[in-house]
Every structure is written in structure tokens, then in C-alpha cells.
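Report on one structure; see the data block that follows.
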Amino acid sequence: MNEMSKISHLGPAAQAFLSRAGKLLIDGKWVDAAAGSTFDAIDPATESVICQLAAGEAEDVDRAVKAARKAFDGSDWSRMRPVERERLMLKLADLIEQNAEELAELESLDNGKLVFFARIVDVAGTVDFFRYMAGWATKVEGKTLDVSIGMPGEEYQAYTLRQPIGVVGQIVPWNFPLAMATWKLAPALAVGCTCVLKPAEQTSLTALRLGELILEAGYPAGVVNIVTGFGETAGAALTQHPGVDKIAFTGSTSVGKLIGKTAMDTMKRVSLELGGKSPMIVAGDMDAAAAAAGAANAIFFNAGQVCTAGSRLYVEHKIYDQVVAGLADIAKGTKLGPGYAADSQMGPVVSQEQMDRVLGYIEKGRAEGGEVVTGGARHGNQGYFVQPTVFAGVDPGATIAREEIFGPVVVATPFKSVDEIAAVANDTPYGLAASVWTNDLSLAHRLTRRLRAGTVWVNTHNVVDPNLPFGGFKQSGIGRENGAAAIELYTEVKTVVMKVA
């Protein structure tokens, strides 16, 4: 049990939660890690310890998987009607909404993001997503099919069933902890799977609070299990466990490749939402001020810790100088501070490790000849704050133009030919997202077709919705989350053939 943390800006509900947060959810009960190990949850704005969390390992994962298997194979959950699953999900959405302010405070504290955005994006989006996916519980369907097999005079009836995959291991990142847990849990629960969720070790608080709300909503024991801990222990054990039927992972491409290779040893189903190096293409007919504001939102939202962040900015040469100058002015004027402060416009990155990573990329960019237009350093000496940084004059082959930084760093490059920019934008191993900024409808349609990315926005960036499939081309992942596509991720198709005459 944690001692009560005294964090002045938290409300009483969030304060009370911190006193009980250090356990794992396994088979409907809150339990200590088998080895008794713990680790610190750190406030990225102050570098102070929030509380201690249980460090689950292979034995804990095994207990969780067995509980999930028991719930899938033989509990009330396995016999529950679709409409009852829908009602449970709607009840859970109501509980999340009723506890929205507490969840927003915990998300801001744990991740560093602005509590304002946690409230209107992360938590509100979570409520919407559970309600949207609840509707799918009663709409999973198969097909009847005509067949041409058999001897003369024989007749057959054939149809398909779409059934839940089974036990799902879900590993989520630290940039949108509650939302990413929801993207994994909601479609799996809608179709009748059971889950073992491994939150990121940097940001486990809202997943644990969600676990409490899941139990309060009335989900049977073992349907959702939550094991906090580290990727190399708990995450690896979950990926390797023979009792897991599917792994759903969101995170870096390098880790996703390892997970995919490991999962193949037991032929687990796999969905991977991985990294990106998303281009933002600004045509010369755009208003320069509007383009600069759009670019700032595309890269500085959530301190750049967004897989679809617009980290490569391509601007047609005739407005390039104005756009870069406008973007630099926005960066310079951005007030950095803790997420709970009303006047903060950007919070810290999530950890010391991530701050060092981002600053290392900035130094690499300088060393490879890039010009820092603004930013380029740590902000202050407490908390993991990185200045919003704009690079110009970067060689296309430079490290910061090729690799995902996952921080508030953008590389700006001019272009002359709209006909050539698609090839430049596509020259990356990633293909998660892109945006096109133009008032020319014909140009917008031409570029959206040519860009090799799972999502292409026009005159906006970073817009997602429960109904819109989300995922990447190339090394940005396998599969699509959200919408009807998410239902396919958590179901198997079974063909039934019956001789009737």
C-alpha cells in the first residue's frame, strides 16, 4: 500500500487513488507482484516520485493469462449475450465520464501532458470510444455463401461465423496511456475476448484506475487483467506466453519487429501500430500564417510525442520563409510548464530517458549541418522539458530527417515542384500518416492518392475518430484499429459447410 501522496494540485479522488495504486489486477482481485518487486512512478514535470507500483514479471503474467483463459473458456463471460456485453461497455463509459476529472488529473500527473488536453482529448475520447465500440457488440456478423462442390444431386449450405480470437495480450505506450488502453480493450471486449493489459511502465496510473472502474461496472473476474511492469520482463513474458492467442502492440517500430518475430513462434495473431515520420506538405496557395499554425499543432501537440506528429515540414518555396518564420515565432512564444498550470501551453516529455533521446537527436542534427532556427535545448533545470525546436537547411539523408524523434522537433524543407513532392514525402521506411495543405481541390486529391500513408489529412493534422480506421503502411505497422477494422483484429473467421441433401 502506498502512503498518501501529498500533491497539492490533485483533487481528493486522485489523491485517494494514489494510496492504493500499487497492485496488479488478476482474476478480479488486486494483488501484489509475486516477487514483491516495485518501481517508482515519476512526475515528469518535477522529477519527484508519485507512488510505487507493482513490478510484474513472468509469474504474474502467467497468473493473468490463466485467469483470462478460464474466463474465456468457461465463465459467465463466455456465455454472455452480445447485448449484455454492450450494456457493460455503456455502463463502463458512464463510470469513466463520472470520474473524468480524476482521470484527467492522473493522466496529466503521470504523463506530463496538459490537464486541459487530457480532459477534452484523452478522457472524453475514451468515453466516446467505449460507447462507439459498445454498439459493435451486437453487430458482429458472418455471411451465407453459395458453393459449387459435390456430386450431382448433392446440396450444401455454407456460411461463415466471426468469433472472438480468445486471450489477447495488449501492450500500450506512454504517450496517450488511457486512450491507447481503450483502443485495445474496447473492441476486444465488444466481441467477447478476454485481455491481459500491460501498460507502459512510465504511465500506468490511468490503466489501473480504469481497472477499478471495470470491476465496478460488473465485468466477470479474469475478463480484464492488468499487469504493470517493464517491457523486458512483463512485456516479453506476455508476448512469449503460449496461452495468449493474439498480441496487440502500439509502440516503436524496433520493439514491434521483435514482438512480431516472437509471436510467430506460436503463430499468435498480431496487430502492430508502430512509428512514423509524417510529412506535412504545404502548397504555395496556402495562407502562410494558417500553415504555420497548422504546422505548430502538428508537431508540438503533446510535446511531439505523437506517432503521427508532423515532423517533416515541406513548404513550397514561395511561402517557405514566411511559414518557417511564423512557426519559429509560435515555438518561441510557447509557454512550457507543468500540465496542471492554467497558463502552460506545452508540458514536459515523459521521462529522463526520453528527454535525453530528444536532446541527443538535436545535437546530431547540429553535427550533421542542420540550422536550429529556434529552440534546440532543455528548458529549465527541473522537469523533462525540451524547447520546441525548428530545424532548417537539413540534408534529406540526415538522421533527424529520417528517424522518428518523438519529441517537439520539426525539420523544415522547401520544395519547388508539387509533382515531385510526393516522391520525397514517400522516401521513408514509415507510412503512418501525412497531411496536405492547399486550397486547390484537384491538387489535394492527387496528393492524397500518391502518398503512401495509412491516414492522409487535408488542411488539418492529428485528427482521429472512433469510426476511422487507423494504422500504417510499410514499417508503421500491421492492421487497422478503430471502426469496423478493429472488430476484424479481434475475431477469427470460421467457415461452416453442411450437407443438406
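The values are calculated or read from the model by the stated rules, or taken from the named source; none is laboratory data. Keep in mind that what you see is a predicted model, and the values were worked out from it rather than measured. When we count neighbours, we look across all protein chains shown, and the Cβ atoms used for this are built from the backbone with ideal geometry, even at glycine. To get the accessible areas, we keep the full protein, side chains included, count just its heavy atoms, and leave off ligands, DNA and RNA. Shrake-Rupley method; radii C 1.70, N 1.55, O 1.52, S 1.80 Å.
Scanning segment 267-291 for residues that are within 14 Å of ASN459 (Cβ to Cβ) and β-branched (Val, Ile, Thr) yields ILE281, VAL282. Restricting attention to segment 379-390, does a residue exist that is part of a loop (DSSP other than H, G, I, E, B), of a type in the set (Gly, Ala, Ser), open to solvent by less than 70 Å² (accessible area, probe 1.4 Å) and closer than 21 Å to ALA293 by Cβ? No, every residue in segment 379-390 fails to be part of a loop (DSSP other than H, G, I, E, B), of a type in the set (Gly, Ala, Ser), open to solvent by less than 70 Å² (accessible area, probe 1.4 Å) and closer than 21 Å to ALA293 by Cβ.
Tell me the strands (runs of 3 or more DSSP E) entirely within segment 418-501 that contain at least 2 residues that are closer than 22 Å to PRO279 by Cα, touching a helix residue (DSSP H, G or I) at 6+ places or on another chain (Cβ under 6 Å) and open to solvent by 30 Å² or more (accessible area, probe 1.4 Å).
Working: elements: 433-437, 455-458, 491-499.
Strands (runs of 3 or more DSSP E) meeting the threshold: 455-458.
Set side by side, the residues ALA309, ALA325 differ, and just one is within 23 Å of GLY112 (Cα to Cα), of a type in the set (A, V, I, L, M) and at pLDDT 95 or above, which is ALA309.
Would you confirm, using the coordinates I've provided, whether ALA412 is in contact (Cβ under 8 Å) with a residue 24 or more places away in the chain, touching a strand residue (DSSP E or B) at 6+ places or on another chain (Cβ under 8 Å), open to solvent by less than 20 Å² (accessible area, probe 1.4 Å) and part of a loop (DSSP other than H, G, I, E, B)? So that I can check it myself, show each step before the final result.
Numbers: in contact (Cβ under 8 Å) with a residue 24 or more places away in the chain: yes; touching a strand residue (DSSP E or B) at 6+ places or on another chain (Cβ under 8 Å): yes; open to solvent by less than 20 Å² (accessible area, probe 1.4 Å): yes; part of a loop (DSSP other than H, G, I, E, B): no.
No, not satisfied.
Just one of the listed residues (ARG63, ARG85) is of a type in the set (Lys, Arg), at pLDDT 95 or above, farther than 18 Å from CYS193 by Cβ and not in a loop (DSSP other than H, G, I, E, B), namely ARG63. Every condition in (1) open to solvent by less than 40 Å² (accessible area, probe 1.4 Å); (2) in contact (Cβ under 8 Å) with a residue 24 or more places away in the chain; (3) under 26 Å from ILE7 (Cα atoms) holds for ALA104 except the one numbered (2). Just checking, does segment 115-124 include any residue being basic (Lys, Arg) and outside any helix (DSSP H, G or I)? Looking through segment 115-124, none of the residues is basic (Lys, Arg) and outside any helix (DSSP H, G or I).
Tell me yes or no: at least one residue of segment 276-292 is within 15 Å of the chain's Cα centre (by Cα), surrounded by 24 or more Cβ atoms within 10 Å (Cβ to Cβ) and of a type outside the set (Lys, Arg). Yes. Note on segment 5-37: residues that are in a loop (DSSP other than H, G, I, E, B), within 23 Å of ILE96 (Cα to Cα) and among the basic types (Lys, Arg) amount to 2. Quick one: is ALA71 open to solvent by less than 30 Å² (accessible area, probe 1.4 Å), out of contact with any helix residue (DSSP H, G or I) (no Cβ under 6 Å at 6 or more places or on another chain), in a helix (DSSP H, G or I) and closer than 16 Å to GLY243 by Cα? Answer is no for this residue. Whenever a residue of segment 168-180 is without any contact (Cβ under 8 Å) to a residue 60 or more places away in the chain, it has no partner that is open to solvent by less than 10 Å² (accessible area, probe 1.4 Å) and part of a loop (DSSP other than H, G, I, E, B) lying with C-beta atoms less than 7 angstrom away and at least six residues away or across chains. Per the listing PHE391, PHE406, the residue uniquely among the aromatic types (Phe, Trp, Tyr), under 30 Å from LYS113 (Cβ atoms) and in contact with a strand residue (DSSP E or B) (Cβ under 7 Å, 6 or more places away or on another chain) is PHE391. The criterion of being open to solvent by less than 40 Å² (accessible area, probe 1.4 Å), touching a Lys or Arg at 6+ places or on another chain (Cβ under 7 Å) and touching a residue at least 60 places away in the same chain (Cβ under 8 Å) holds for GLY339.
Out of ALA16, ALA35, ALA71, one residue alone is farther than 17 Å from ALA234 by Cα and free of Cβ contacts under 8 Å to residues at least 40 places away in the same chain. It is ALA16.
When VAL306, VAL350, VAL324 are checked against the criterion of being surrounded by 24 or more Cβ atoms within 10 Å (Cβ to Cβ), out of contact with any strand residue (DSSP E or B) (no Cβ under 6 Å at 6 or more places or on another chain) and of a type in the set (Val, Ile, Thr), a single residue qualifies: VAL350. When segment 125-142 is filtered for residues that are among the hydroxyl-bearing types (Ser, Thr, Tyr) and either surrounded by fewer than 19 Cβ atoms within 10 Å (Cβ to Cβ) or over 21 Å from ARG87 (Cα atoms) (or both), only THR138 remains.
Taken together, the residues in segment 77-100 that are open to solvent by 60 Å² or more (accessible area, probe 1.4 Å) and more than 15 Å from PRO164 (Cβ to Cβ) amount to 6. Looking only at segment 393-409, residues that are open to solvent by 10 Å² or more (accessible area, probe 1.4 Å) and within 19 Å of VAL282 (Cβ to Cβ) come to 4 in all. Residues of segment 31-68 that are farther than 19 Å from THR203 by Cβ and open to solvent by 10 Å² or more (accessible area, probe 1.4 Å): VAL31, ASP32, ALA34, ALA35, GLY36, GLU57, ALA58, GLU59, ASP62, ARG63, LYS66.
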